[in-house]
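What follows is a set of notes on a single structure, which appears directly below.
Every read-out reported here was derived from the displayed coordinates using simple, explicitly stated rules and does not represent laboratory data. Just so we're clear, the structure is a prediction, and the values are computed from it rather than from any experiment. Cβ sites come from the backbone with ideal geometry, for glycine too, and all protein chains shown count toward neighbours.
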Amino acid sequence: MLKKQMESYISESVIENKIELFKEEKDYVEKHKLLAEDIIIVEKENASRFTDVYIERSNKESEELISEENSAFLSQPIEYLKKNKDEFLYFESRWFELIGVEALSLEVDDVFGTYNAMFGLKFQKKMGEVLKTYLTKELQAEKIGSFSLMFNQGDGLWDVNLALDNIKGFQEDMSLEEAFHLIYHFLFNLVQTIEEDM
């Protein structure tokens, strides 16, 4: 899936033998030799990845919309979620769609106090063991509440809930933007690893 999505993205993005890519995509494209040799890659700054983002702040209990936000909201510290425990953030970006992630939400867990990311992941049901193995290894899964995984028959997606606190590189003083970059990097590697093991 990732390879197909990347090929599609490349075909839309090459302009005059030049393509702009962020680090994850650049590394992937070079590793899998997806570009003709005469195409020049310009590496883009991470800061511009989520400029097109769509964000909703909603009430956890009622799921009622509080407000819509733009990319400027991402400069807030992630601690915003601890100060507003009754809220969750819903996040849409074409970058998450590129790697097969749907409906990404972020909130603070009421029980464990961890920062949790919840999303749907486009993988077949048979990929459950591989997914579980990867998450167990990468998330220090001996910690209680580090992740949960369930296949949603109706949507054909894996419903994933993972504690950001357990992702290598997580810091509580990071901004929301840095947290979303961390999530993206983690999920890009997950999707790439699983696809290469198939």
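Points worth noting:
- Note on Asp159 and Tyr80: the model spin-label points, each 7 Å out from Cα along the C-beta direction, lie 2.7 nm apart.
- Backbone geometry of the stretch 72-87 corresponds, through the Karplus equation with coefficients 6.51, -1.76 and 1.60 at θ = phi - 60°, to 3J(HN,Hα) couplings of 4, 4, 5, 6, 4, x, 4, 4, 3, 5, 6, 6, 10, 4, 7, 10 Hz, x marking Gly and Pro.
- For Ile19, the shell of other residues with beta-carbons less than 11 Å away shows a net charge of -2, using +1 for Lys and Arg and -1 for Asp and Glu.
- Vicinal HN-Hα couplings computed from phi for the stretch 7-23 (Karplus, 6.51 cos²θ - 1.76 cosθ + 1.60; Hz; Gly/Pro x): 4, 5, 4, 4, 4, 7, 10, 6, 10, 6, 6, 9, 9, 9, 9, 7, 3
- When each of Lys82/Lys132; Lys4/Lys126; Lys3/Lys126; Lys83/Lys122; Lys4/Lys44 is checked by Cα-Cα distance, pairs over 24 Å: Lys82/Lys132; Lys83/Lys122
- Matching label, Cα Rg over 2.2 N^0.38 Å computed from the structure shown, candidates [x] 1.21; [y] 1.60; [z] 1.05: [z]
- Counted by Cβ distance under 13 Å from Lys3, the other residues give a net charge of -1, where Lys and Arg count +1 and Asp and Glu count -1.
- Interchain or long-range residues, amide H under 5 Å from Asn116's placed H: Glu107, Val108, Asp109, Leu164
- From phi via Karplus (6.51, -1.76, 1.60), per-residue ³J(HN,Hα) for the stretch 101-116 in Hz, x at Gly/Pro: 9, 10, 6, 7, 10, 9, 7, 9, 5, 5, 8, 8, x, 8, 7, 10
- Placing a label point 7 Å from the Cα of Glu61 along the Cα-to-Cβ direction, the residues of the stretch 70-106 with a backbone N closer than 12 Å are 86-87.
- Put a dot 7 Å past the Cα of Val130, heading toward its Cβ, do the same for Glu16, and the two dots end up 4.1 nm apart.
- Placed amide H near Leu104: partners under 5 Å, 5+ positions off or other chain: Phe91
- Residue with peak Gaussian network fluctuation, the chain [Cα springs, cutoff 10 Å], from Glu61, Glu43, Glu79: Glu61
- Acute angle (nearest 10 degrees) that the helix 176-197 long axis makes with the longest principal axis of the chain, alpha-carbon atoms: 60 degrees
- In a simple Cβ point-charge model (Lys, Arg +1; Asp, Glu -1; nothing else charged), the stretch 59-198 has a dipole of about 500 debye relative to its Cα centre.
- Under 5 Å between amide hydrogens, built in the peptide plane, is the criterion, and for Glu87 it picks out Lys60 among residues at least 5 positions away or on other chains.
- Taking every DSSP helix (H) stretch of at least 4 residues in the chain, weighting each as -39,500 (n - 2.57) and dividing the sum by the residue count yields a mean residue ellipticity at 222 nm of -9500 deg cm²/dmol.
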